1. Just the residues that are in a loop (DSSP other than H, G, I, E, B) and either more than 20 Å from TYR39 (Cβ to Cβ) or near the ligand (Cβ under 8 Å from one of its atoms) (or both), please, taken from region 72-98.
2. Looking only at region 146-161, which residues are of a type in the set (D, E, K, R) and open to solvent by less than 20 Å² (accessible area, probe 1.4 Å)?
3. Here are some conditions: (1) without any contact (Cβ under 8 Å) to a residue 60 or more places away in the chain; (2) in contact with a Ser or Thr (Cβ under 8 Å, 6 or more places away or on another chain). ASN110 meets all but one. Which one does it not meet?
4. Quick check on this structure: which one of PHE156, PHE214 is assigned to a loop (DSSP other than H, G, I, E, B) and among the aromatic types (Phe, Trp, Tyr)?
5. Is it true that ASP42 is modelled with pLDDT of 95 or more, part of a helix (DSSP H, G or I) and within 13 Å of the ligand (Cβ to nearest atom)?
6. Taking the conditions exactly as written (within 16 Å of the ligand (Cβ to nearest atom), within 28 Å of GLY102 (Cα to Cα) and within 15 Å of the chain's Cα centre (by Cα)), does ALA142 satisfy them or not?
7. Residue by residue through region 65-95, note down the ones that are farther than 26 Å from GLY182 by Cα and open to solvent by 50 Å² or more (accessible area, probe 1.4 Å).
8. State all residues of region 57-82 that are closer than 9 Å to ASP42 by Cβ and out of contact with any Pro (no Cβ under 6 Å at 6 or more places or on another chain); if no residue qualifies, say none.
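The values are calculated or read from the model by the stated rules, or taken from the named source; none is laboratory data. Owing to the predicted nature of the structure, the values given are computational and were not obtained by experimental measurement. FYI the Cβ positions are ideal-geometry reconstructions off the backbone, even for glycines, and counts take in every protein chain you see. Protein only, heavy atoms only, side chains kept; ligands, DNA and RNA dropped before computing areas. Shrake-Rupley method; radii C 1.70, N 1.55, O 1.52, S 1.80 Å.
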Amino acid sequence: MSDLAVDSPDSPNCPGVVGILGAGRAGTAFARALLRAGYEVDIAGTRPPKALRHHLRIYAPGAQAVDADDVAARAREQERAVVILAVPQEDLDEVEADWADGCVMVDATNAWHHEILPDWLQRAVDTDQPTSTAIAARFPGARTVKALNHIAHADFDDIRPELPRDQRRAAGAAGDVDADRGMVMAMLDRMGFDPVSMGPLGASRIMEPDGPLFDRRLRREDLLRRLR
Ligand SMILES: NC(=O)c1ccc[n+]([C@@H]2O[C@H](COP(=O)([O-])OP(=O)(O)OC[C@H]3O[C@@H](n4cnc5c(N)ncnc54)[C@H](OP(=O)(O)O)[C@@H]3O)[C@@H](O)[C@H]2O)c1
């Protein structure tokens, strides 16, 4: 499968503000990497912003604590909006279905065996479907791209943006709309990864925890080999 062109980081397609829902290990690691790359970050958990601020001072200094209802608001003011879903899958029934409406929603979540999943998500797992397609259906007003889920939170502090792309760790992105996938790939590039198109959302199964990409430091050619 051919790779997609990556938008230039200076392109108007590259957002300046990214909203992150979920401020745990993953959400704050994404925030740190985005902040280092020059993005502004709005981030929310279940706690009110005031209660989240101390946590962010430690784990994502510079990120702005907001209410979950507002986490996509500033991103949406841009021409093209990207938000990241970093809430455990077992909690997804508690997330408003319209939280990411009008945005490209990066699904950074994973299914873990110990979690009691919502029925609609468990059905995807039981039938060996990618969880991302069920998540895309659960948030129909957003355009879902699977990315970031296959990289452990601690690894986000080891990204090497100063390296040329072909020497960086590869990061996959799967999504049905080329422009949306390209926008997420531009974000991955700006964070310091070598972004690789994994094709449509239906192909994202290989990015999940029991798949060959998961939690492995791979290069572009490794990802492309596993796509064939
Ligand atoms: N940990 C990793 O290395 C890693 C890497 C990539 C992807 N992921 C995936 O990312 C997801 C989150 O993992 P994690 O390790 O970050 O979990 P975590 O440390 O337990 O953090 C979960 C976060 O989600 C928030 N949350 C829960 N329900 C919410 C809701 N209804 N609305 C808004 N926020 C809500 C929690 O907020 P409060 O604390 O305020 O309740 C908390 O900030 C999982 O699917 C995981 O597989 C994890």
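1. Here is the first cut: in region 72-98, the residues in a loop (DSSP other than H, G, I, E, B) are 72, 77-81, 86-88, 95-98.
ALA86, VAL87, PRO88, VAL95, GLU96, ALA97, ASP98 - these are the residues of region 72-98 that are in a loop (DSSP other than H, G, I, E, B) and either more than 20 Å from TYR39 (Cβ to Cβ) or near the ligand (Cβ under 8 Å from one of its atoms) (or both).
2. Initially, region 146-161 is screened for residues of a type in the set (D, E, K, R), giving 146, 155, 157-158, 160.
Matches in region 146-161: LYS146 only.
3. (1)
4. Numbers: PHE156 fails: assigned to a loop (DSSP other than H, G, I, E, B).
Answer to the selection: PHE214.
5. Values: modelled with pLDDT of 95 or more: yes; part of a helix (DSSP H, G or I): no; within 13 Å of the ligand (Cβ to nearest atom): yes.
Judged against the criteria, ASP42 is not a match.
6. Values: within 16 Å of the ligand (Cβ to nearest atom): yes; within 28 Å of GLY102 (Cα to Cα): yes; within 15 Å of the chain's Cα centre (by Cα): yes.
Answer is yes for this residue.
7. Those that are farther than 26 Å from GLY182 by Cα and open to solvent by 50 Å² or more (accessible area, probe 1.4 Å): ASP67, ASP69, GLU90, ASP91, ASP93, GLU94.
8. From region 57-82, those closer than 9 Å to ASP42 by Cβ are 63-66, 70-75; that's our starting set.
Hits for region 57-82 are ALA63, GLN64, ASP70, VAL71, ALA72, ALA73, ARG74, ALA75.
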